[in-house]
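A.B. asks: Input: one structure, supplied below.
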């Protein structure tokens, strides 16, 4: 059985390396491509058709939210996990409204990312615990 494929998108090469190492250590996912900006995400998605996209919100000209909307409007089936520094309910609402299935705060990356990917692949939503209010999302206890 093949491992779910992942596209990583962040303008920080340090974050991309860190997430790649985290996913490789877990050995349940295959990182098939990385991108540093929104245009790169769209290009690499067409090339690899990953199961999951780990997507930064702030990536320059084309934000992660814009990318997610474009993918959703084009019929994208990949699950989108936002990985961001924005600890704000307005960003959370915009991200989930654009087609996101999970919202992980970068300060909780090591704690939340793998759980978020597992949740979205099982058809559930996930939000880092410090952003939860009274919503129906998975989160660590």
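Laboratory data are not the source of any read-out in this text; all were calculated from the coordinates shown. Bear in mind the structure is a predicted one, so any value in this text is a computation, not a measurement. Don't worry about glycine lacking a Cβ; one is built from the backbone with ideal geometry, like all the others, and counts go over all protein chains shown.
A.B. asks: From the list 102, 33, which residue is within 24 Å of residue 129 (Cα to Cα) and touching a strand residue (DSSP E or B) at 6+ places or on another chain (Cβ under 7 Å)?
C.D. replies: 102
A.B. asks: Further question on the same structure: So, residue 91, is that one assigned to a strand (DSSP E or B), without any contact (Cβ under 8 Å) to a residue 60 or more places away in the chain and under 21 Å from residue 128 (Cα atoms) or not?
C.D. replies: When the stated conditions are applied, residue 91 does not pass them.
A.B. asks: In the stretch 10-44, which residues are under 14 Å from residue 109 (Cβ atoms) and crowded, with 18+ Cβ neighbours inside 10 Å?
C.D. replies: Residues satisfying the conditions are 10, 15, 16, 19, 23.
A.B. asks: Would you please name the residue that is surrounded by the most Cβ atoms within 10 Å (Cβ to Cβ), looking only at residues in the stretch 49-64 that are in contact with a helix residue (DSSP H, G or I) (Cβ under 9 Å, 6 or more places away or on another chain) and over 19 Å from residue 109 (Cα atoms)?
C.D. replies: 50
A.B. asks: Of everything in the stretch 29-54 that's under 21 Å from residue 125 (Cβ atoms) and free of Cβ contacts under 8 Å to residues at least 60 places away in the same chain, which residue is nearest to the chain's Cα centre (by Cα)?
C.D. replies: By that ranking, first place goes to 53.
A.B. asks: Of everything in the stretch 94-130, what is more than 19 Å from residue 4 (Cα to Cα), free of Cβ contacts under 8 Å to residues at least 24 places away in the same chain and surrounded by fewer than 18 Cβ atoms within 10 Å (Cβ to Cβ)? Give them in sequence order.
C.D. replies: 97, 107, 129
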